[in-house]
Amino acid sequence: MPITLLVAVPLSQRAAAMTEQPTIIIVDDDAEVREALSSLVRSVGLQTKALASVPEFLNEGRPDGPTCLVLDVRLPGQSGLDFQRELSAANIHVPIIFMTGHGDIPMTVQAMKGGALEFLTKPFRDQDLLDSIQLGLARDRAWLENEKAVAALRARFETLTPREREVMALVVTGRPNKQIAHDIGISEITVKVHRGQVMRKMKASSLPTLARMADKLNLAVQ
């Protein structure tokens, strides 16, 4: 039986950066707006990085620690909505708060469908922005914690032998040892040995726990 192991790609090393200072990135082509927003964010003890365009953001890169992006919809060269789609396509995770002086319902719907946290129309209340930023940082911290947990699972999975990985992929489908032995052409006793090794190396206390681990690793059998 063909076995396919669909394991998630290696995770970013930012998972180890949970103690990093949160950073609020502000992207707006208006220097006065950038300075005003930066001053507001710094007033509540958060560090900021103020940029004038999307290319500047791409050159700077995403910080390692919890991050929230405050992004103007209308920017020279590339709109904020276009950039949102680009980040999503590249599987780059960062919470986005959109702001605009010329918002409309279709634009708002598009932004929210794309995963934006909030869509603020200028002028907006300072507290509305600060509340949205705190929500964005909380979500990013949770995402980083999950990424860290999956990275630990990935590291344990890498300690398995190819045969143990094959057995694990079949075990989590609920197949009995006898059927697994038949499917991959080894003895039932050998399956039991590999199964025990998998449970030990993955630090799984039960089959349901191992199945949840496999799900997080996107482990599959066909």
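The values are calculated or read from the model by the stated rules, or taken from the named source; none is laboratory data. The shown structure was predicted, so the numbers you read here are calculated from the model rather than taken from an experiment. Virtual Cβ from ideal backbone geometry, glycine too; neighbours counted across all protein chains shown. Accessible surface is based on the protein model in full, side chains and every heavy atom, while ligands, DNA and RNA are left aside. Shrake-Rupley method; radii C 1.70, N 1.55, O 1.52, S 1.80 Å.
Residues whose amide H falls under 5 Å from that of Thr23, counting only those 5 or more places apart or on a different chain, are Thr67, Cys68, with hydrogens built in the peptide plane. Counting only protein heavy atoms and using a 1.4 Å probe, the accessible area of Leu58 comes to about 90 Å².
Within straight-line reach of Lys178, meaning a Cα separation under 27 Å, sit the following lysines at least 8 residues removed in sequence or on another chain: Lys192, Lys201, Lys203, Lys216.
Amide H to amide H, with H built 1.01 Å from N, Ala50 comes under 5 Å of Ile26, counting only residues 5 or more places away or on other chains.
Relative to the longest principal axis of the Cα atoms of the chain, the long axis of helix 80-89 makes an angle of roughly 10 degrees.
Angle of helix 31-42 to the longest C-alpha principal axis of the chain, folded into 0 to 90 degrees and rounded to 10: 60°. Think of each Lys and Arg Cβ as +1 and each Asp and Glu Cβ as -1; about the Cα centre, that makes the dipole of segment 71-167 roughly 240 debye. Sort segment 74-135 into rounded, prolate or oblate with this rule: let a ≥ b ≥ c be the square roots of the eigenvalues of the Cα gyration tensor; rounded if a/c is under 1.5, and if a/c is not under 1.5, prolate when a/b is larger than b/c, oblate otherwise. Cα axes put segment 74-135 in the oblate bin. Placing unit charges on the Cβ atoms only, positive for Lys and Arg and negative for Asp and Glu, gives the chain a dipole magnitude near 1580 debye about its Cα centre. Surface composition of segment 38-126: carbon plus sulfur atoms contribute 51% of the solvent-accessible area (1.4 Å probe, protein chains only, all chains present).
Remark: segment 172-184, residue by residue, has Karplus-estimated 3J(HN,Hα) of 6, 7, x, 6, x, 4, 4, 5, 4, 4, 5, 5, 10 Hz, where x stands for each Gly or Pro and the curve is 6.51 cos²θ - 1.76 cosθ + 1.60 at θ = phi - 60°.
For the chain, with the dipole built from +1 on Lys and Arg beta-carbon atoms and -1 on Asp and Glu ones, taken about the Cα centre, which of Pro63, Thr173, Ile186 lies farthest toward the positive end? Farthest towards the positive end: Ile186. The amide H of Leu120, built 1.01 Å from its N in the peptide plane, has Phe98, Met99, Thr100 as neighbours under 5 Å, considering only residues 5 or more places off or on other chains. Principal-axis analysis of the Cα atoms of the chain puts helix 188-202 at an angle of about 30° to the longest axis. This structure gives Kirkwood radius over Cα pairs in Å, computed directly, and of (1) 18.5; (2) 20.1; (3) 18.0 that value is listed as (2).
The protection proxy used here, the mean number of other Cβ atoms lying within 10 Å of each residue, ranks peptides 75-85, 155-165 as follows, highest first: 75-85, 155-165. In the context of the full set of protein chains, residues of the chain present 52 Å² of accessible surface per residue (probe radius 1.4 Å, heavy atoms only).
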